[in-house]
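Structure first, commentary second.
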Amino acid sequence: MDMLFSPATIGGLKLKNRVVALPVFTGYALPDGRVSPLMMQHYRRLAKSGAAVVVLPNVAVSENGRTSDRSLLLDRDEQIDELRRLARIIKNNGAVACVQLNHAGRYAVTDNPMLPSAFEAAEIADSISTLKNLMGNFPFVKRFGLTAHAAKMAAGWMQEMTDADIQQTITMFGEAACRAVAAGFDMIELHGATGYLIAQFLSPRTNRRAAPWGGSPDARMRYPLNILEEMRARIPENVPVGFRLILDEKTEDGISTDQAIEFAKRLEHYGAAYLSATVGAYQTMFIPNVVKQLAKPGYLSKLTKQLKKHVTIPVIISGRMVAPKLAEKTLQNQEADLIGLGRPLLADPEWITKAQEKGKIIACKNCNTCFQNVALGESVICDRWPKVVQDRIKLETHFTSRHGYRTLIVLTSIADFTIARTHIRQRVPIHTNIFDRQLFINVNGEKDFDKEAEKYIEWCNQYFRENLKRSKLENLIVRESQDLLGLVMEHLKDRFGFVVIFYNETASWKEELLLKAPADVVVVRSGVHPNLKKVLIPCDLSDFTLMQIRVALHTFHGRSDVEFRYVHVSKSPDQAMNNWSKILDNFETDPATKLRIIQPDDDATVAEILINETQNGEYGSLIIGRRGGLTHVRRRIFGSVSEQLLHALPECTFAIVG
Ligand SMILES: Cc1cc2nc3c(=O)[nH]c(=O)nc-3n(C[C@H](O)[C@H](O)[C@H](O)COP(=O)(O)O)c2cc1C
Ligand code: SF4
């Protein structure tokens, strides 16, 4: 492995070896575009793998350029700090940190997509065949969702970008690059592949504009070259900018290899520091014949060898570099300067160490489960991972899904407004930075309800404007309703993950809501206990303890003044501690997180012990777990411990049922 482990450089940056962890979109970001704990863990693992460069994939330069509502966003300065944490993790673990900037163009999750050219009737037949090909790569049960998703997306492809749109997106790429540099990334990559906006401008298939942005190969290069120019003008010289390039779009009317090589030469001339090669795009990579070609180990080597004859900047190869021997041979044969590993590193993050030590690599089996997941808007999971890891990731992403962070606040009396103000001031749990809704229902026919509601709304608007920059609060006043539970359940269908109610024992529908809310909705029973910041978390040490840990961290995000106490009732403390360590380890939670184990005496039930603990410890907040979650199986824990506990709490207790 002489060459694979020899140093290299990109644009003056030193690389410790020739392995690049390619951009592989994970779908792990939070719905508002921020970095999630799962993401930190994932990139720590990738950086520790020993790769010389780790590329953070598919970071959107604008809200309407996200490939999914789980893509990272870099369209505002506030996001710099979040991204800095990721860059630091990658660098501290010995890799060069590179961020790939993207605008998804027609494939963005938005009602107003940006397209070089509008969708034409002539494209419909073509698109149907693409969809058919795509279907063949998905399990039968998932095909319906995919069709609906594709149809919804294509319905928005009716308008081409104006010149102003084009200029604006170019500027956005430049601004995002500056933010990436401010966040500490060493290198930037422009995503010109897979069929997103930049590739849409480059491809004659999707760019049918006249000059200056289309009509000839030269004009089709203008958009990406202008972006590169904009970036080079705005960021320091010592930060290299590379390009993800399609070397063959695999269709007659798409980007040919000759065109790609001409473009590559131009990129080098404009200051690109490296080229990261790919083939195909969404519309072609699922054609059965292409799928077969892409299954072969090292399928890109002929094309990259050809490319290398025309440029002097480093070329990164991608595509089924399954074995270290193949990677070494590729370098020895001068078919590439650097070896890109996407799925092989996903399947086995120890690929590089094992290559060095001649260990047995867990090979990527080209099943594309990982790809199917992200194409369906889910998170990356590799079929090669142990089931316990796959389950953990499903749980994590489930909780942090769009619902997980959207809050519905139900206010039914003037007294509720006072409690809500307190919670909003304390930022518990209403601190989500994304769209929340307040529902006002004058249940008791209070005379001044509307007037007080208006005052409260005014207060909220001002408070949110000043303190929560990204927030938008929707206020709905409902005049009458016979079926309050039904009404709230209807609203929950609008993808809310938290519902806040202000509890009193006389409202039986609130009690029912605690029991009947969908399993993926966290119900917050809000009170203003003087000890709000003393939080008890009784847990049963099942997987659902993760939900409690995550709800706790989400609700009291960034609050160092809050005291958490995890507690478990067990007759076998050693076994319980063992399970606790496994949970912390499996969920990569701070290993120092303490668990108090209470050994029951013979007379008291678990519920009684926990009620006692709550009262004696004077806890003001409780985070109570429930089962069901992912499977929607009727939760087993209700009807027993949690329900008894909830009933025994004073009204003012802040209880979260997650
Ligand atoms: C799940 C998945 C997500 C991907 N996301 C990206 C991406 O965000 N940006 C990109 O340039 N390529 C992306 N790719 C393509 C990979 O970087 C790589 O080019 C491709 O998987 C072939 O290389 P491999 O065989 O080493 O995986 C993705 C591939 C997969 C399977
Ligand atoms: S899910 Fe399949 S294709 Fe994807 S990395 Fe794992 S083994 Fe490879």
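The values are calculated or read from the model by the stated rules, or taken from the named source; none is laboratory data. The model shown is predicted, which means the values in this text are computed figures rather than measured ones. Cβ: placed from backbone, ideal geometry, glycine included. Neighbour counts: every protein chain shown.
Listed residues 364, 382; which is near ligand 2 (Cβ under 7 Å from one of its atoms), touching a residue at least 24 places away in the same chain (Cβ under 8 Å) and in contact with a Pro (Cβ under 6 Å, 6 or more places away or on another chain)? Don't jump to the end; show me each part of the working.
Details: 382 fails: in contact with a Pro (Cβ under 6 Å, 6 or more places away or on another chain).
The unique qualifying residue is 364.
Considering only the range 263-294, state which residues are more than 24 Å from residue 107 (Cβ to Cβ) and in contact (Cβ under 8 Å) with a residue 24 or more places away in the chain. Lay out the reasoning, then the answer.
Let us first name the residues in the range 263-294 that are more than 24 Å from residue 107 (Cβ to Cβ), namely 265-266, 268-271, 273-274, 292.
265, 266, 268, 270, 271, 273, 274, listed by residue number.
Taking residue 286 as the residue in question, decide whether it is within 13 Å of ligand 2 (Cβ to nearest atom) and at pLDDT below 95. Please lay out each step first, then the result.
Values: within 13 Å of ligand 2 (Cβ to nearest atom): no; at pLDDT below 95: yes.
Considered against the rule, which asks whether it is within 13 Å of ligand 2 (Cβ to nearest atom) and at pLDDT below 95, residue 286 comes out as no.
Being farther than 30 Å from residue 613 by Cα, of a type in the set (D, E, K, R) and either under 25 Å from the mean Cα position of the chain (by Cα) or not assigned by TED's automatic domain parsing to the domain that holds residue 656 (or both) is the requirement here; does residue 458 meet it? Explain how you work it out, then say what you get.
Working: farther than 30 Å from residue 613 by Cα: yes; of a type in the set (D, E, K, R): yes; either under 25 Å from the mean Cα position of the chain (by Cα) or not assigned by TED's automatic domain parsing to the domain that holds residue 656 (or both): yes.
It is true that residue 458 is farther than 30 Å from residue 613 by Cα, of a type in the set (D, E, K, R) and either under 25 Å from the mean Cα position of the chain (by Cα) or not assigned by TED's automatic domain parsing to the domain that holds residue 656 (or both).
List the residue pairs whose Cβ atoms are under 9 Å apart, where the first residue sits in the range 180-191 and is touching a residue at least 60 places away in the same chain (Cβ under 8 Å), the second is within 15 Å of ligand 1 (Cβ to nearest atom) and charged (D, E, K, R), and the two are 6 or more positions apart or on different chains.
189/244; 190/244; 191/244
Could you check how many residues of the range 234-255 are modelled with pLDDT under 95 and touching a helix residue (DSSP H, G or I) at 6+ places or on another chain (Cβ under 7 Å)?
1
Among the residues that make up the range 23-30, is at least one of them more than 16 Å from ligand 2 (Cβ to nearest atom) and over 30 Å from residue 359 (Cα atoms)? Steps first, answer last, please.
Residues of the range 23-30 that are more than 16 Å from ligand 2 (Cβ to nearest atom), as a first pass: 29-30.
Then drop every residue that is not over 30 Å from residue 359 (Cα atoms), which leaves 29-30.
Within the range 23-30 (the criterion being more than 16 Å from ligand 2 (Cβ to nearest atom) and over 30 Å from residue 359 (Cα atoms)), the answer is yes, since at least one residue qualifies.
List pairs: first in the range 239-254 and under 30 Å from residue 184 (Cβ atoms), second buried (at least 24 other Cβ atoms within 10 Å of the Cβ) and aromatic (Phe, Trp, Tyr), Cβ under 6 Å, 6+ apart or cross-chain?
Within 6 Å, the pairs are 242/274.
Would you tally the residues in the range 347-361 being within 20 Å of residue 41 (Cα to Cα) and more than 8 Å from ligand 2 (Cβ to nearest atom)? Before you say what the answer is, go through the steps one by one.
Filtering the range 347-361 down to residues within 20 Å of residue 41 (Cα to Cα) leaves 347-353.
Adding the requirement that they be more than 8 Å from ligand 2 (Cβ to nearest atom) leaves 348-353.
Total meeting the criteria: 6.
Please determine whether any residue of the range 364-387 is over 27 Å from residue 281 (Cβ atoms) and touching a helix residue (DSSP H, G or I) at 6+ places or on another chain (Cβ under 7 Å).
For the range 364-387, residues over 27 Å from residue 281 (Cβ atoms) and touching a helix residue (DSSP H, G or I) at 6+ places or on another chain (Cβ under 7 Å): absent.
When only residues in the range 310-319 that are hydrophobic (A, V, I, L, M, F, W, C) and farther than 19 Å from residue 95 by Cβ count, which is nearest to ligand 1 (Cβ to nearest atom)?
Step one: of the range 310-319, the residues hydrophobic (A, V, I, L, M, F, W, C) are 311, 313, 315-317.
From the residues that got through so far, the ones that are farther than 19 Å from residue 95 by Cβ too are 311, 313, 315.
Values: 311: 19, 313: 17, 315: 13 Å.
Among them, the one singled out is 315.
Say we look at the range 490-503 and pick out the residues that are out of contact with any helix residue (DSSP H, G or I) (no Cβ under 7 Å at 6 or more places or on another chain) and surrounded by 12 or more Cβ atoms within 10 Å (Cβ to Cβ); which of these is nearest to residue 518 (Cα to Cα)? Working first, answer last.
Initially, the range 490-503 is screened for residues out of contact with any helix residue (DSSP H, G or I) (no Cβ under 7 Å at 6 or more places or on another chain), giving 490-494, 498, 500.
The next check asks that each one be surrounded by 12 or more Cβ atoms within 10 Å (Cβ to Cβ); those that pass are 491-492, 494, 498, 500.
Details: 491: 12, 492: 8, 494: 12, 498: 11, 500: 14 Å.
Here the residue is 492.
Inspect all residues belonging to the range 595-613 and state whether any of them is outside any loop (DSSP other than H, G, I, E, B), of a type in the set (Asp, Glu) and touching a Phe, Trp or Tyr at 6+ places or on another chain (Cβ under 9 Å). Step through it out loud before you land on a result.
So the first thing to find is which residues in the range 595-613 are outside any loop (DSSP other than H, G, I, E, B), and the list is 595-598, 606-613.
Still in the running and of a type in the set (Asp, Glu): 608, 613.
Keeping just the survivors that are touching a Phe, Trp or Tyr at 6+ places or on another chain (Cβ under 9 Å) gives 613.
Scanning the range 595-613, I find at least one residue that is outside any loop (DSSP other than H, G, I, E, B), of a type in the set (Asp, Glu) and touching a Phe, Trp or Tyr at 6+ places or on another chain (Cβ under 9 Å), so the answer is yes.
Take the conditions surrounded by fewer than 23 Cβ atoms within 10 Å (Cβ to Cβ), closer than 18 Å to residue 406 by Cβ and of a type in the set (A, V, I, L, M) and apply them to residue 507. Does it pass?
Numbers: surrounded by fewer than 23 Cβ atoms within 10 Å (Cβ to Cβ): yes; closer than 18 Å to residue 406 by Cβ: no; of a type in the set (A, V, I, L, M): yes.
Spelling it out, it is not the case that residue 507 is surrounded by fewer than 23 Cβ atoms within 10 Å (Cβ to Cβ), closer than 18 Å to residue 406 by Cβ and of a type in the set (A, V, I, L, M).
Listed here are the residues, each with its yes/no results for (1) among the polar types (S, T, N, Q); (2) within 30 Å of residue 385 (Cα to Cα); (3) modelled with pLDDT of 80 or more.
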position: 563; (1), (2), (3): no, no, yes
position: 571; (1), (2), (3): no, no, yes
position: 580; (1), (2), (3): no, yes, yes
position: 605; (1), (2), (3): yes, no, yes
position: 623; (1), (2), (3): no, no, yes
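Restricting to the range 546-589, give me the number of residues that are touching a Cys at 6+ places or on another chain (Cβ under 9 Å) and aliphatic (A, V, I, L, M).
3
Consider residue 254 carefully, then state whether it is on the phi > 0 side of the Ramachandran plot and away from ligand 1 (no atom under 16 Å from the Cβ).
Details: on the phi > 0 side of the Ramachandran plot: no; away from ligand 1 (no atom under 16 Å from the Cβ): yes.
No; evaluated as a whole, the condition is false for this residue.
Give the number of residues within the range 410-436 that are buried (at least 16 other Cβ atoms within 10 Å of the Cβ) and modelled with pLDDT of 90 or more.
Step one: filter the range 410-436 for residues buried (at least 16 other Cβ atoms within 10 Å of the Cβ), giving 410-414, 416-417, 419-420, 423-424, 426-436.
Next, from what is left, pick out any that are modelled with pLDDT of 90 or more: 410-414, 416-417.
Result for the range 410-436: 7.
Got at least one residue in the range 338-346 being away from ligand 2 (no atom under 13 Å from the Cβ) and either in contact with a helix residue (DSSP H, G or I) (Cβ under 8 Å, 6 or more places away or on another chain) or of a type in the set (A, V, I, L, M) (or both)? Let's see the steps before the verdict.
Initially, the range 338-346 is screened for residues away from ligand 2 (no atom under 13 Å from the Cβ), giving 338-340.
If we keep only those that are either in contact with a helix residue (DSSP H, G or I) (Cβ under 8 Å, 6 or more places away or on another chain) or of a type in the set (A, V, I, L, M) (or both) as well, we get 338-339.
Yes, the range 338-346 has at least one match.
What's the number of the only condition in (1) within 15 Å of ligand 1 (Cβ to nearest atom); (2) outside the structural domain of residue 174 (by TED's automatic domain parsing) that residue 2 fails to meet?
Answer for residue 2: the failing condition is (1).
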